[in-house]
Amino acid sequence: MNILLLGSGGREHAIAWKIKQSPLCKNLYIAPGNAGTQLCGKNVKLSLNDFETISSFIDSSAIDMVVIGPEEPLVKGITNYIQNANPGVLVVGPDSRGAQLEGSKEFAKEFMISNNIPTAAYHSFDAGTYEEGVSFLRSLHPPYVLKADGLAAGKGVLIADNLEEAINGLDQMLNKKSFGEASQKVVIEEFLEGIEVSVFVATDGKDWILLPEAKDYKRIGQGDTGPNTGGMGAVSPVPFADKVFMDKVKSRIVQPTIEGLTKQGIDYKGFIFIGLMNVQGEPYVIEYNVRLGDPETEAILPRIKSDFVSLLQGIAGNTLSKYTLDVISDYAVTVMLVSGGYPGAYKKGYPITGTEDIAESDIFFAGADNSDGKIVTSGGRVIAVTSTHSSLQKARDLSMQNAQKIQFHHKNYRRDIGLDVQN
Ligand code: AMP
Ligand code: GLY
């Protein structure tokens, strides 16, 4: 079949790499893609917000299936658009109603409460109820968790250690509109103490399967310090996500989520990424995302042995019950190489060298583009290095060694990915 994949990150390179391994894939197009995706298929210059041009491309290139990587076009309704304009084309990714699970924190919280899905207690406020919001903060104990309701490119969450910082944050979000429309409403919620794990569900709206879980390393600095990033590395499997824990996740969270969507008349076909907190062995939902994670995808896809295109077909074509997921038991450790300065300001355009010498690891390009025949940095997160091995320590060592071999000016990466779960 002819497949169009939308996106341009490390996640999309990993998805393209996996799609390309399938005998079911005839032509693969990636829009807009990056220096890595073009090794797996043909990059096409299309804007992810220009649904009309995407729809014309689907027609002119006889695309059979569209796979949507990032959340923004999903929240803006790309799935609805393609379903109307290109009937019969398979789409992996929820429609705009399903995408509200990520597009609105308030929608997600209401959904969880009405379906008895464990999550932190919360209240939501807007500019008109700002004073009530301040009173609510005064009634809580630190730390305080404030979340902009809408999409804020992963930056919409403030964890404040004291009341003054929390009130100031609420004022910035609601009154000063620090995240524009995304912070017209703010969710304030109870702080959950525990370890996080990312769980990935594939569903055709009726049946569902769990992909391998992963742990993300969100902060820029060693030992989980400094500002949040999109993710500095990932490990899969996660040792504390054992059978007892995962059985609770399935029965208390995944099954009620799928049933809740059905109850609301949402025919969800795609991935649901559930960010969970393990609070003394009990799973709580921190957030839903309506896509795969980045860099988690770069860690979990190398562990999937079964045909990935069949999985995508199962999701979009209501045949997931016929699919058997086959996963290798090896550990995967992914280390992200990032531009110096990220997640703050950083420079782009530095040549990347050494990737051709990498053996025993998979390399997934993220913010990397071709320029005059050379590969240069073009974003904050530049390359993901993934190694798999039956020993977590060996997988870690391989990724660290290869992270060292790849060179670009002002390269930065965390040396402690996987260290905390090693024993
Ligand atoms: P989110 O964008 O919702 O994933 O939030 C970003 C990060 O903030 C999460 O990965 C957590 O580390 C943290 N966080 C969010 N909500 C809570 C909470 N209720 N309790 C503790 N930490 C949280
Ligand atoms: N790694 C977290 C995310 O993709 O949102």
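The values are calculated or read from the model by the stated rules, or taken from the named source; none is laboratory data. Being a predicted model, the structure only gives us computed values, none of them experimental. Glycine gets a Cβ as well: all are built from the backbone with ideal geometry, and neighbour counts include every protein chain shown.
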Worksheet entry | Checking residue 294 against (1) surrounded by fewer than 18 Cβ atoms within 10 Å (Cβ to Cβ); (2) in contact (Cβ under 8 Å) with a residue 60 or more places away in the chain; (3) within 16 Å of ligand 1 (Cβ to nearest atom), the condition it does not meet | (1)
Practice prompt. May I ask you to list the residues in segment 174-220 that are surrounded by 14 or more Cβ atoms within 10 Å (Cβ to Cβ) and of a type in the set (Gly, Ala, Ser)?
Written response: 178, 182, 183, 194, 198, 202, 205, 214
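Yes or no: residue 258 within 16 Å of ligand 1 (Cβ to nearest atom), closer than 14 Å to residue 208 by Cα and in a helix (DSSP H, G or I)?
Numbers: within 16 Å of ligand 1 (Cβ to nearest atom): no; closer than 14 Å to residue 208 by Cα: yes; in a helix (DSSP H, G or I): yes.
So residue 258 does not fit the description; no.
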Fill in: From the options 187, 199, residue that is within 18 Å of the chain's Cα centre (by Cα) and within 16 Å of ligand 1 (Cβ to nearest atom)
199
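Just to be sure, is residue 348 basic (Lys, Arg), over 21 Å from residue 246 (Cα atoms) and more than 22 Å from the chain's Cα centre (by Cα)? Write out each step before concluding.
On the way: basic (Lys, Arg): yes; over 21 Å from residue 246 (Cα atoms): yes; more than 22 Å from the chain's Cα centre (by Cα): yes.
Here the answer is yes, as residue 348 does meet what is asked.
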Fill in: Subset of segment 267-287 (residues that are away from ligand 1 (no atom under 14 Å from the Cβ), assigned to a strand (DSSP E or B) and not hydrophobic (A, V, I, L, M, F, W, C))
270
Worksheet item: Which of the residues that make up segment 237-249 are closer than 24 Å to residue 11 by Cβ and outside any loop (DSSP other than H, G, I, E, B)?
Response: 246, 249
Worksheet item: modelled with pLDDT under 95 and under 20 Å from residue 99 (Cα atoms) - does that describe any residue in segment 49-70?
Response: yes
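Does segment 285-301 include one or more residues that are more than 16 Å from ligand 2 (Cβ to nearest atom), touching a Ser or Thr at 6+ places or on another chain (Cβ under 8 Å), closer than 30 Å to residue 381 by Cα and not charged (D, E, K, R)? Please lay out each step first, then the result.
Applying the first criterion (more than 16 Å from ligand 2 (Cβ to nearest atom)) to segment 285-301 yields none.
Among the residues of segment 285-301, not one is more than 16 Å from ligand 2 (Cβ to nearest atom), touching a Ser or Thr at 6+ places or on another chain (Cβ under 8 Å), closer than 30 Å to residue 381 by Cα and not charged (D, E, K, R), which makes the answer no.
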Worksheet item: So residue 192 clears everything in (1) more than 10 Å from ligand 1 (Cβ to nearest atom); (2) within 30 Å of residue 281 (Cα to Cα); (3) at pLDDT 90 or above except one condition, right? Which one?
Response: (1)
Worksheet, complete the sentence: Note on segment 349-363: residues touching a Ser or Thr at 6+ places or on another chain (Cβ under 7 Å), surrounded by 18 or more Cβ atoms within 10 Å (Cβ to Cβ) and not hydroxyl-bearing (Ser, Thr, Tyr) are 352, 362, 363
Fill in: In segment 18-48, the residues that are out of contact with any Lys or Arg (no Cβ under 8 Å at 6 or more places or on another chain) and farther than 18 Å from residue 366 by Cα
21, 22, 23, 24, 25, 26
Discussion item. Among the residues of segment 343-392, what is the count of those that are of a type outside the set (Val, Ile, Thr), part of a helix (DSSP H, G or I) and in contact with a strand residue (DSSP E or B) (Cβ under 9 Å, 6 or more places away or on another chain)?
Written reply: 1
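Can you tell me which residue within segment 249-281, out of those that are among the basic types (Lys, Arg) and surrounded by fewer than 17 Cβ atoms within 10 Å (Cβ to Cβ), is farthest from the chain's Cα centre (by Cα)? Spell out the reasoning first.
In the first step, residues of segment 249-281 are kept if they are among the basic types (Lys, Arg); the result is 250, 252, 263, 269.
From what's left, surrounded by fewer than 17 Cβ atoms within 10 Å (Cβ to Cβ): 250, 263.
Details: 250: 20, 263: 25 Å.
If we take residues in segment 249-281 being among the basic types (Lys, Arg) and surrounded by fewer than 17 Cβ atoms within 10 Å (Cβ to Cβ), then 263 is farthest from the chain's Cα centre (by Cα).
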Item to complete: Please work out which residue is farthest from the chain's Cα centre (by Cα), limiting yourself to segment 60-85 and to residues that are without any contact (Cβ under 8 Å) to a residue 40 or more places away in the chain and surrounded by fewer than 20 Cβ atoms within 10 Å (Cβ to Cβ).
Response: 60
Worksheet item: For segment 144-153, does any single residue satisfy the condition of being more than 15 Å from ligand 1 (Cβ to nearest atom) and either surrounded by 18 or more Cβ atoms within 10 Å (Cβ to Cβ) or at positive phi (or both)?
Response: no
Discussion item. Tell me the residue from 112, 173 that is modelled with pLDDT of 95 or more, within 15 Å of ligand 1 (Cβ to nearest atom) and not in a loop (DSSP other than H, G, I, E, B), please.
Written reply: 112
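Where residues in segment 127-170 are small (Gly, Ala, Ser) and part of a helix (DSSP H, G or I), which of them is nearest to the chain's Cα centre (by Cα)?
Per the criteria, the residue is 169.
For every residue, the table says whether it meets (1) at positive phi; (2) without any contact (Cβ under 8 Å) to a residue 40 or more places away in the chain; (3) surrounded by 18 or more Cβ atoms within 10 Å (Cβ to Cβ).
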site	(1), (2), (3)
312	no, no, yes
326	no, yes, no
334	no, no, yes
342	no, no, yes
347	no, no, no
380	no, no, yes
391	no, no, no
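Among the residues of segment 211-236, count how many are polar (S, T, N, Q), assigned to a strand (DSSP E or B) and away from ligand 2 (no atom under 12 Å from the Cβ). Even if it seems obvious, please write down each step before you answer.
Looking only at segment 211-236, we keep the residues that are polar (S, T, N, Q), and these are 222, 225, 228-229, 236.
From what's left, assigned to a strand (DSSP E or B): 225, 228, 236.
Okay, now just the ones that are also away from ligand 2 (no atom under 12 Å from the Cβ), so 225, 236.
Going through segment 211-236 one residue at a time, the tally reaches 2.
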